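Scroll down for the structure; my scribbles are underneath it.
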Number of protein chains: 6
Amino acid sequence: MKEGIFFGEGMKFVKDDYPDIYDAVVGLNKAAYTGKVLDYKTQKLIAIGIVAATGDETATEKQMRSGMNELNITKEEIVDALRVVLLTSGMPAFTKAMRLVSKL
Amino acid sequence: MKEGIFFGEGMKFVKDDYPDIYDAVVGLNKAAYTGKVLDYKTQKLIAIGIVAATGDETATEKQMRSGMNELNITKEEIVDALRVVLLTSGMPAFTKAMRLVSKL
Amino acid sequence: MKEGIFFGEGMKFVKDDYPDIYDAVVGLNKAAYTGKVLDYKTQKLIAIGIVAATGDETATEKQMRSGMNELNITKEEIVDALRVVLLTSGMPAFTKAMRLVSKL
Amino acid sequence: MKEGIFFGEGMKFVKDDYPDIYDAVVGLNKAAYTGKVLDYKTQKLIAIGIVAATGDETATEKQMRSGMNELNITKEEIVDALRVVLLTSGMPAFTKAMRLVSKL
Amino acid sequence: MKEGIFFGEGMKFVKDDYPDIYDAVVGLNKAAYTGKVLDYKTQKLIAIGIVAATGDETATEKQMRSGMNELNITKEEIVDALRVVLLTSGMPAFTKAMRLVSKL
Amino acid sequence: MKEGIFFGEGMKFVKDDYPDIYDAVVGLNKAAYTGKVLDYKTQKLIAIGIVAATGDETATEKQMRSGMNELNITKEEIVDALRVVLLTSGMPAFTKAMRLVSKL
């Protein structure tokens, strides 16, 4: 389900102890992934591209895995998203993300 | 054509005075936008998301315009990409990009 | 009111055309600025520090102005926030923000 | 003491081998945290917000711990600072920082 | 003189109204640009690369101009620094900086 | 050789499975490090400064090591590059990189 995306360890803690933040995040997440014309899979590939471009390995791996598990996104599709990262964001972000892909 | 994407004022100068850089950029651009499974339009939407997430207005507008002109990407599709930016990158990046969309 | 913070030109467009995003943003904004122990003014100073640290002039000026208008935050208080920006984020971000302060 | 803030392993090396840099950093640190109107605790919360917004886990944890040890900043106050991070900087930075808080 | 580097409009205001910050910045600036083995010109080229990589046009132009005026850094040398920006930081940062160079 | 720079684990995978990307990266890398007037060592120091400024430890360490191995860049030269990082990018990036240097 879509709510699972960023909902790792940090969010479990939020849900238990900060229900007002949790509700806002659920609302945000729903608005984010309820595109009017783009499907969820395309939006997910955009999310993968954005987090990979920031060089954040933890978030990138989480996005890749949730995309593969929830949406059957393939490695090939992820690599095509990372091609764009190479162009827009340079080699360190790209190679870091490709190393993750090679281990998925 | 795909080569047009980042090829504004800065690249004209590169093409004339630094042909070795220009050739590398053309090769990079071609590899980036020749996805094996994703089509060019999906990759373009990923590029729009990435540059919008960085808060770079000039690059974001350029990407949006080239996407609309070259690929008939609609405002609605761009907004769906920016929904992901809101989630991953916060309000300042999102509102900046939405203001651009509202003026396209 | 707290809702006014990021709600410039871009958000007017969101409110009119994308009510589902607007509602999510209002919820997010409310959760963000309803601290349990910190008051709104302290949170606002944190927001000023964060956006100034990114070097985003438009967002920084907007935050500074809304802080001064809504919460009577003084220039002196903003400068004390920017001292932290100098330490954590370096000279370009700091001088850019100080130039904004000098013109408020 | 205020000098302790960023003064982990890296700074020990600086102090021993590069006294000119060390002196500049001490001066910088002092100017940064000697606010005219904001107290040190408020400035520290701003610092926590800024580093958490960049997604830098090591620096964020260090800032959180020094804030709790030196200034008796509570988890609740840190969470209120991170609410602002969620709004300004998005989910990956927020959840990463919340996971740190949950383990403090 | 080396003190001139970041010392634009924002710093004039700092010097007049916040002498304690000003002194810290002067100390920082001196420590930064008093390399033990690298000369000032090499350090300046590094500064140009770093600010160009962040995509900050204002700071990049200021660094380029001060490098050309103070140190007789040539356009050709700046372009060689920007080649590294292309590799490490991607096309938007690179083309933005190249456009600046083309107008110097 | 110059091709070795970013060519860690991630690139081995690229070379084997995505020869078109690999070729583009080799071309990019060659154009980046074939300065017309700056020598490779100066460009490498710029690369070290840029990646250290982003706070990316993995990439920074890789750049430092390749600079020391390929080009006999000394610790002292790296520290002089990091002085610029302190000025332009703040304490967290600087201390992180200095800790790396202290362990090289």
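The values are calculated or read from the model by the stated rules, or taken from the named source; none is laboratory data. A quick note: this is a predicted structure, and the numbers were derived from the prediction, not measured. Positions of Cβ are generated from backbone atoms using ideal geometry, with glycine treated the same way; all protein chains shown enter the neighbour counts. Heavy atoms of the whole protein, side chains included, go into the accessibility calculation; ligands, DNA and RNA do not. Shrake-Rupley method; radii C 1.70, N 1.55, O 1.52, S 1.80 Å.
Table for the structure above
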quantity	calculated
Residue check, D:Thr34 within 25 Å of F:Lys103 (Cα to Cα) and either within 13 Å of chain C (Cβ to nearest Cβ) or in a loop (DSSP other than H, G, I, E, B) (or both)	no
Checklist (1) facing another protein chain (nearest Cβ under 7 Å); (2) buried (at least 24 other Cβ atoms within 10 Å of the Cβ); (3) farther than 17 Å from C:Tyr18 by Cβ; (4) among the charged types (D, E, K, R) applied to B:Lys44, failing item	(1)
Tally, over region D:86-101, of residues that are more than 7 Å from chain C (Cβ to nearest Cβ) and free of Cβ contacts under 8 Å to residues at least 12 places away in the same chain	4
Failed criterion for E:Arg83 (all others in (1) charged (D, E, K, R); (2) more than 7 Å from chain F (Cβ to nearest Cβ); (3) closer than 19 Å to A:Phe94 by Cα hold)	(2)
Region E:6-19, residues that are facing another protein chain (nearest Cβ under 7 Å), surrounded by 15 or more Cβ atoms within 10 Å (Cβ to Cβ) and not aromatic (Phe, Trp, Tyr)	E:Gly8, E:Gly10, E:Met11, E:Val14
Any pair with Cβ under 6 angstrom, 6 or more apart, that starts in region E:38-61 at a residue that is of a type in the set (S, T, N, Q) and ends at one that is open to solvent by less than 10 Å² (accessible area, probe 1.4 Å)	E:Gln43/E:Tyr33; E:Gln43/F:Val84; E:Thr60/E:Val51; E:Thr60/E:Ala52; E:Thr60/E:Ala97
Yes/no for F:Thr58 being closer than 29 Å to D:Tyr22 by Cβ and under 11 Å from the mean Cα position of the chain (by Cα)	yes
